[in-house]
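Here's the structure, in structure tokens; my notes come after.
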Amino acid sequence: MKKVVVISGASSGIGFETANFLTERGYVVYGLSRRDFETEKFNFIKCDVCN
């Protein structure tokens, strides 16, 4: 069974690099961000964790 990871702030910076790093190692990654962005490496969900 694959491990699943949810990362907030995945559209740039440390969040984006962490999402890429874990994807390359076989994790199923869901990246959360307030703004839209495109990536083919991991799953993206637009959301605001403050609301």
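Report, in degrees rounded to the nearest 10, the 0 to 90 angle that the Cα long axis of helix 13-24 makes with the longest principal axis of the chain.
30 degrees
Out of (1) 32, 19, 17; (2) 60, 31, 10; (3) 30, 22, 20, which label holds the value of Cα extents along the principal axes in Å that was computed here?
(1)
Sequence neighbours fewer than 8 away in the same chain don't count; with that in mind, list the aspartates and glutamates whose C-alpha is under 17 Å from LYS3.
GLU24
Taking segment 14-44, which GluC sites (Glu not before Pro) meet the DSSP loop condition and have no more than 10 other C-beta atoms within 10 Å?
Passing sites in segment 14-44 are GLU38, GLU40.
For ARG34, what charge total do you get from the other residues with a beta carbon under 14 Å from its beta carbon, if Lys and Arg give +1 and Asp and Glu give -1?
Its environment carries a net charge of 0.
Rounded to the nearest 0.05, what FRET efficiency is calculated for MET1 and GLU24 with R0 set to 25 Å and r the Cβ-Cβ distance?
The calculated FRET efficiency here is 0.85.
Please list VAL49, VAL5 in order of solvent-accessible area, largest first, computed with a 1.4 Å probe with all protein chains present.
Order by accessible area, largest first: VAL49, VAL5.
The values are calculated or read from the model by the stated rules, or taken from the named source; none is laboratory data. Bear in mind the structure is a predicted one, so any value in this text is a computation, not a measurement. Every residue, glycine as well, gets a Cβ built from its backbone with ideal geometry; the counts of neighbours run over all protein chains shown. Surface areas here come from the heavy atoms of the whole protein model, side chains and all, with no ligands, DNA or RNA. Shrake-Rupley method; radii C 1.70, N 1.55, O 1.52, S 1.80 Å.
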